[in-house]
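Step one of this worksheet: look at the structure below.
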Amino acid sequence: MKDASSPTPPMAIDLRGISKSFGTVQANKDIYFSVPQGTIHGIVGENGAGKSTLMSILYGFYEADSGEIYIDGKLTRIRNSTDAIAAGIGMVHQHFMLVENFTVLENIILGAESGAMLSRSIADATTEAERLEEEFGLHVDLHARIDEIPVGQQQRVETIKALYRGARILILDEPTGVLTPQEADQLFDILRSLRDKGVTVIIITHKLREIMDLTDNVSVMRQGQIVANVKTSETSKEELAELMVGRKIRMDLDKTAADPKETLIEIKHLGLIDEQQIKRLEDITFEVHSGEIVGIAGVSGNGQSELLEILSGMRPCSKGEAHINGLTITPSQHSNPGEVRHASIAHVPEDRLKRGLIPRFSAGESAILGYHNNPEYNGAILSKAEAIKKHCLHLMDAFDVRPNHPALKSANFSGGNQQKLILAREMDPDPKVLLVGQPTRGVDIGAIEFIHKQIIAMRDRGSAVLLVSGELDELISLADRIVVMFDGRIVGEVNAAEADERTLGLMMANAHQEDEYKEATHG
Amino acid sequence: MAKTKQPLPAWADIILIPLINLFIAFAVSSIIIYLIGENPFEAFKVMIEGAFGTSEGIGYTLYYATNFIFTGLAVAIAFHAMLFNIGGEGQAYIGGLGVAVALLALDGILPFWALFPIAIIAGMLFGAAWAAIPAYLQAYRGSHIVITTIMFNFIAANLMVYLLVNIFIVPGSMTPESRVFTENAQLPFMHEMLGWIGIQISESPLNLSFIVALVVSILFWIYVWHTRWGYATRAVGFSESAAEYAGIDPKKIIMVTMLISGGLAGLAGLNEVMGVQHKLMLDFVAGYGFTGIAVALMGRNHPVGIILSSILFGALFQGGAELAFEMPAISKEMVFVIQGLIILFSGALAYMSKPWLERFFSLFVGDNSSEMEVA
Amino acid sequence: MEFALTDILSILAATIRVSTPLIFAAMAGIFSERSGIVDISLEGKLLAGAFAAASVAAVTGSPWLGLLAAIVVNMLLSLIHGFASITHNGDQVVSGVAINIIVSGLTVVLGMAWFHRAGQTPTLPSDARFMPIHLPGTEALSHIPILGDIYTKLISGHNLLVYVAFLSVAVTWWVLFKTRFGLRLRAVGENPNAVDTAGISVAFLRYRAVLIAGILTGIGGTYISIAQNASFIRDMSAGQGYIALAAMIFGKWKPLPAMFACFLFGFLDALAMRLQGVSLPYVGEIPVQFIQASPYILTVILLAGFVGRAVAPKADGVPYVKER
């Protein structure tokens, strides 16, 4: 029997059986989870675990293929942002949805104006924004232009925007990715006071410290599924890390121990400050020797891509130096991809469709990308079509690329075969140094094993391999040493033979040092 | 069941879609002709007969096509690097200036066989020079090339008026035209050349530059698809990020490609100035630069397509003149309407029919696969 | 030779007359491009408006019906442009070029079919045109030196549409910066994602923007054929749409600066007419073509970023594709 006088309040959000796929990729699979009103709920998971897709479904960017959404106990259909806003859902996107040359106030009222004239909207919004400032500590100069205020304040504008539209459920997608630690702390204070006023907060993050500090409950996602729903007070960082990465079966690779010889990559105090004056890399120092694979672990966006770009000559650095197989890169001495290739340094880029090949080129044309000026493919004027075709067939044969049709468009190959073609192209000249980014992202199991074997064979022939990967099991099984990057810095190095996913996961979240720090101060 | 869209077969993409677009453009044109009170079928019959019915008509058709091949190739090479060169008009105009300058200076001194290559080079150089500033501004200062090339069209038009009125005009004459080149500085007409080998055709402005246009089309094909420079150009056009990865400098490619583009447009000046008018005069470009956009869009930036669509447009221009003569209610500007409609439907609305076609084709593919499953 | 006050006033009055269609087209361009739709068919729309106005005024004898026709025709052209570039994400420049070419041909074809003259409409009697109007108090004020001249020769004596042009600048400014619609319009040209996530339709906003551009170019075209002139003549827009485009860029997509750019370009044009064959002290005779080309040259220099920087709305010319 139900007691009508004191009903338990309905869940703010209740998702039942949400599934969503993009083509053959299942991004969300049969998701069930619910969030009580007035709580902070964390969603953690590795990149590509399906967190952002799930939240996009909740905010109406995508519609789920199946499943039901209940908001405050009511079945709600969310087809677009308007529906989401009407249901009381607000979202702070990872990439802010702000008009940069508008003032803060103008951004707040956009789409939520009080009438056809701006003056009234501005007056209303000023009052309301000042109230929100008072109540939640959301301080920001209402008349400043967005492009003139720091990122932390821009994020507050996003929060105010959501609240101004009457949001009772606030979703934040990786909110601290762009914030300094101090700004992050301020954000957490704001979120707590929102919760205390009855707002339901969902925060997506991969940083376990934040989850432990902030949330009441946490859901862990892995490969499109929710693998755990737990109370934060009843779990630990270690347990979450384990749930996040999962216990993956290590692949047996028949790898012999490394036999490192001379130093081929030597990086000293390398730093990078980008065009927006944001520090991307700081004080990177490490070496890679001949006959050795060094893996770089880290959640994407912590400087690994920038490091690869500098070493491959695609962008200049702003501090320090790098010596790769006789080539020197310093802030004053730039290199370029052509020079790098000439120094027997090969580069398998992280993004195969944007950089690794040209989808609209034939496979034959993609097979000489970067080597297209080589004399073996060119006469005085004409390029040697026959030689290019023969070379492509040779690569396809060596790396088992199917179908072996050089005239077929690169886009028409499967991801695994595209990747094998790129690897074949870069490994065929037998380079002294191989820079590899995400070699098996989106590649089927069979191809993964093949690619791993090829990289190890490269090492055994005496090359130095620098491997950037988001897959921990790949790093552990392939690399000899693993360097962990966080926030543009190297936060640790482990011997791959002794590494396990849990400790690596903690290092990637930069949680291990804090523990040590806390132990040191409290102990 | 997953609702995956079937990609269209290649032949549908290359042949069927352009034909559908062309058909829509002609259908709309027919409606306009009908509304004017004429019979569209009659009108097209008159145009086709006018363009292909006599050797004179064919001559005119191919003479117009010569200009369109040059300006079409000019637009196409820029498209291969993802650049929109809307300045073919001005580049052709200035290219013609280059041809005239060379010929006026040298026609009393050099024989034809020397003047011919000099005129080609002068036309290309002047056209390229006119494209150089917009190219530089796009590559190194980020100014949008569409706007700057439009501006350069108008600057060219004013410059030419000034030069003709103040410099090239024959003293004492009232018409702003240069003197006529001597005969050794005129390209032979096709009817003359064929006459030398005993073939008699009617007189028309078709001249040696048509052959030049065909040769240039072959060179274009070789450059774009069979040299490392063309490879780099297409790499930049398809994917700037991949080009950077491959060590190709997009800025350099923008410069080189636009210079070639301007040079190709400049050759339209060769046809008009050295081939037909034999003097420098006002407005000899007459919109050919803009027609080049239509030709490139319809010809899918490939020389074979460009030659075919140039002949189509040549036929339109020639047939349109005939049409105005036969049906006084329709003026020859009807061809501009058709041309604009072709640009609209095979350019801006090129893929309007694609979703329908995909649905249409997936019907068949669906049938096939189920048959295969049964078998 | 000496320039008296009357000379200066007559050049300035000519400047206003020449600038009027530029202002309408520039404001149209601002609406369109602020919403993210590049519109190089301003030229074609001016021409289409001119033809529609002159034709309908010739048939009905009413300038007002002519104006209405021009507006309707140009809104239709705007819909075509919108259909290609908003609904089908087509190339906005290609669509604009197509419209320009279609209009330049169709006006001649229809003129021939309807009026049997090669690209012309019949000459209009004055009651079928917008004629100069004299503002109140011209008589009384004309005796006051200087001020009286300025009032009677410069401010008064234009046709209605000239005053509408000035009004359109104020209205454009007001709509863009003082209304909800304007706020959303400016937002969609800068960051359509922000507009979409705020629950506003990007496509509907952009359609309204290009339709307004249709209305404004319709008035501009009407001015050219039945106020400034007494009939339609083929290609009578003569590049004014492109000059307006240049003025819009020169004015950095802002109504008031764009209006002053129109005046600057109009003044150059008026000056060119005046200076034809006149030798100036020190500089000698300035080639009239140089003055005529100067709006384009100035715009290129501005675009090159050597004097100030003309930054277009961020999403200008980029089709909005929602799937990410």
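FYI, it's all coordinate maths here, none of it is from the lab. Values in this document were obtained by computation on a predicted structure and should not be read as measured data. Here the Cβ positions follow ideal geometry from the backbone for every residue, glycine too, while neighbour counts run over all protein chains shown.
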- Note on the structure: Phi angles of segment A:304-315, converted by Karplus (6.51 cos²θ - 1.76 cosθ + 1.60, θ = phi - 60°) into ³J(HN,Hα) in whole Hz with x for Gly and Pro, give 5, 4, 4, 4, 4, 5, 5, 5, 8, x, 8, 8
- Note on the structure: So the angle from the long Cα axis of helix B:334-343 to the longest Cα principal axis of chain B, reported in degrees to the nearest 10, equals 50 degrees
- Hey, which lysines would be in cross-link range of residue A:255, C-alpha to C-alpha under 19 Å, not counting anything within fewer than 8 residues on its own chain? A:453
- Could you run the Karplus curve 6.51 cos²θ - 1.76 cosθ + 1.60 with θ = phi - 60° over segment A:465-476 and give me ³J(HN,Hα) per residue in whole Hz, x for Gly and Pro? 10, 10, 10, 9, 8, x, 9, 5, 5, 5, 4, 5
- Item | Under 15 Å from the residue A:256 label point (7 Å along Cα→beta-carbon), backbone N, segment A:448-485 | A:456-463
- So what is the relative contact order for segment A:13-245, in percent, with contacts set as C-alpha pairs under 8 Å and at least six apart? 29 percent
- Using the Karplus equation 6.51 cos²θ - 1.76 cosθ + 1.60 (θ = phi - 60°), what ³J(HN,Hα) coupling, rounded to whole Hz, does each residue of segment C:137-142 give in order, writing x for Gly and Pro? x, 4, 4, 5, 7, 5
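When the Kirkwood radius is taken over all Cα pairs of the protein assembly as shown, what Stokes-Einstein diffusion coefficient follows at 20 °C and 1.002 mPa s, in µm²/s?
Details: Rh = 34.2 Å.
D, rounded to a whole number, is 63 µm²/s.
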- Message: If I fit a long axis through the Cα atoms of helix A:385-398 and take the longest principal axis of the Cα atoms of chain A, what angle between them do I get, 0 to 90°, rounded to 10?
- Response: 70 degrees
- The simple spin-label model distance between residue C:178 and residue A:351, using points 7 Å out along Cα→Cβ, in nm, is 4.5 nm
- Item | residue A:91 long-range amide H proximity, modeled H, under 5 Å | A:171
- Message: Per DSSP helix of 4 or more residues, -39500 (n - 2.57); summed, then divided by the residues of the protein assembly as shown. What does that give at 222 nm, rounded to the nearest 500?
- Response: -16500 deg cm²/dmol
- Task: Quick one: among C:214, C:36, C:199, which has the greatest mean-square fluctuation in a GNM of chain C with alpha-carbon springs under 10 angstrom?
- Result: C:199
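I need A:51, A:20, A:268 ordered by Cβ neighbour count within 10 Å, fewest first.
On the way: A:51 25, A:20 22, A:268 15.
Sorted ascending by nearby Cβ count, the order is A:268, A:20, A:51.
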- Message: How are the alpha carbon pair distances in segment A:345-498 distributed across 10 Å bins from zero to the largest one, expressed in percent?
- Response: 11, 39, 33, 13, 4, 0
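Where the eigenvalues come from the Cα gyration tensor of segment A:13-245, what are the semi-axes √(5λ) of the equivalent ellipsoid, largest first, in whole Å? Walk me through the numbers before you get to the answer.
Numbers: eigenvalues 175, 83, 49 Å².
Equivalent ellipsoid semi-axes, largest first: 30, 20, 16 Å.
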- May I ask which of A:354/A:390; A:354/C:314; A:268/A:389; A:197/A:237; A:261/B:252 have a Cα-Cα span longer than 32 Å here? A:268/A:389; A:261/B:252
- Be a star and scan segment C:5-44 for residues whose amide nitrogen sits under 20 Å from the point 7 Å along the Cα-to-Cβ vector of residue C:238. C:10-26, C:42-44
- Message: Students often forget the sequence filter, so: which aspartates and glutamates lie under 13 Å Cα-Cα from residue B:279 once same-chain residues fewer than 8 apart are removed?
- Response: B:107, B:177, B:183
- Residue mean of other protein chain beta carbons inside 10 Å, C:291-304: 6
- Note on the structure: Which residues qualify? For residue A:348, with a placed amide H closer than 5 Å and at least 5 residues away or on another chain, they are A:435, A:436, A:437
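Once the convex hull of the C-alpha atoms of segment C:181-300 is built, how many Å³ does it hold per residue, rounded to a whole number? Intermediate values should be presented prior to the final figure.
On the way: hull volume 16.3 nm³, N = 120.
Looking at segment C:181-300, the number lands at 136 Å³ per residue.
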- In degrees between 0 and 90, to the nearest 10, how far off the longest principal axis of chain B does helix B:145-163 point, with axes built from Cα atoms? 20 degrees
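So what's the projected area for segment C:73-210, the Cα convex hull averaged over all directions, in nm²?
On the way: hull surface 52.2 nm².
It is 13.0 nm².
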- Query: Can you list the residues, at least 5 places off or on another chain, whose amide H is less than 5 Å from the amide H of residue B:227, using H built in the peptide plane?
  - Reply: A:383
- Query: Setting aside same-chain residues fewer than 8 positions from residue A:409, which aspartates and glutamates have a Cα under 12 Å from its Cα?
  - Reply: A:365
- At 7 Å along the Cα-to-beta-carbon direction for both residue A:387 and residue A:223, put a label point, then send me their distance in nm to one decimal. 4.7 nm
